[in-house]
Amino acid sequence: MAAAMELRCWGGDWGLPSVHTDSLVVLAYAKFSGAKLSVSPVDWTWKTLTASVPELVCGDTVVQEPTQILNFLRKQRFNADYELTARQGADTLAYIALLEEKLRPALLHTFWVDAENYSNLTRPWFASRSPFPLNFFIPSRLANVALARILVTRGEGLLHRISEVEGKIYSDAKECLNLLSYRLGTADYFFDNSPTSLDAFAFGFLAPLHKADLPSSPLQSHLRQLDNLTRFCDNVLADLILLKSRLLPPVQETMDANLQKLTQLVNKESNLIEKMDDNLRSSPQHKPHRTKPKPCLSSSKNSTPA
């Protein structure tokens, strides 16, 4: 009997099963290939710090990174690419490399570097899904990782400023979207009527950009002008049966529930203390009132003239 497979990933929002690009790639491929995964979101747990998502656990085997996870699923006979010709297989690898090189840096910049998007969407979302006190640490940590990855992908040193490559990042991303739109044409999937790993990667990269309520994104506006790509995202999302999480063991479930309650309680207490401190600082300060001692009777008599 095959061991159960568990996928650890960030949870969903914006109408998506996960807001995380790489997690969406694995979820879509699992659906296309027929692999049954139990999904365990890392939201509100300490795994937001310790886990490298997406992470597939099967018995004693732990696999990370979408490419490695897809290879592992193929070895388990869950292969969405088995009908592809050698030419189509080569095209798949080329387009996936194009997504990684041209589109990923722009996605990272859009969600993690753009100040307006980060402050109003990305940071609040990830902070609200992280337990106290990690909610103060996780978003900035992920933002630093994203910035470093952009510069490395673009072949720039970490000492370069992001503004020096920003224009090139978005022009390359728009060109990549145009190439994907031309390749898809009027078909439902990139290789006729059967979804493959290329469709999984394309969906993972495009869906967050398509569905997120971004305050500022020229790239999102460009994507929404390409009707076949947005229709592709909507069709895959409609066909993608959201993989429900298996019930956690009672002890673990209780621990996570208690941790979430404790986080909420600490946040409330912290806000209350801050308000009390602000009130104390803003209130006028008075010297302590001391009553003057009354003169004693004996001294009064002695001071009376004869």
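The values are calculated or read from the model by the stated rules, or taken from the named source; none is laboratory data. Please read all numbers here as calculations on a predicted model, not as lab measurements. Here the Cβ positions follow ideal geometry from the backbone for every residue, glycine too, while neighbour counts run over all protein chains shown. These accessible areas exclude ligands, DNA and RNA; they are computed on the full protein's heavy atoms, side chains included. Shrake-Rupley method; radii C 1.70, N 1.55, O 1.52, S 1.80 Å.
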**Q.** Apportionment of accessible area to carbon and sulfur, region 1-151, percent (1.4 Å)
**A.** 54
(Q) Modelling each spin label as a point 7 Å along the Cα-to-Cβ direction, I'd like the E100/N144 distance in nm, to one decimal. (A) 2.5
(Q) I'd like the FRET efficiency for R224 and T85, computed as 1/(1 + (r/R0)^6) with the beta carbon distance as r and R0 of 45 Å, rounded to 0.05. (A) 0.85
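Restrict the search to region 198-233; then list the chymotrypsin sites (Phe, Trp or Tyr not before Pro) that DSSP places in a loop and that have at most 12 other Cβ atoms within 10 Å of their Cβ. Provide the component values of the computation, followed by the final result.
On the way: sites: F201, F203, F205, F232; in loops: none.
Loop-located and lightly packed - none at all.
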(Q) If you take every residue apart from S216 with its C-beta less than 9 Å away from the C-beta of S216, what net charge results, scoring Lys and Arg +1 and Asp and Glu -1? (A) -2
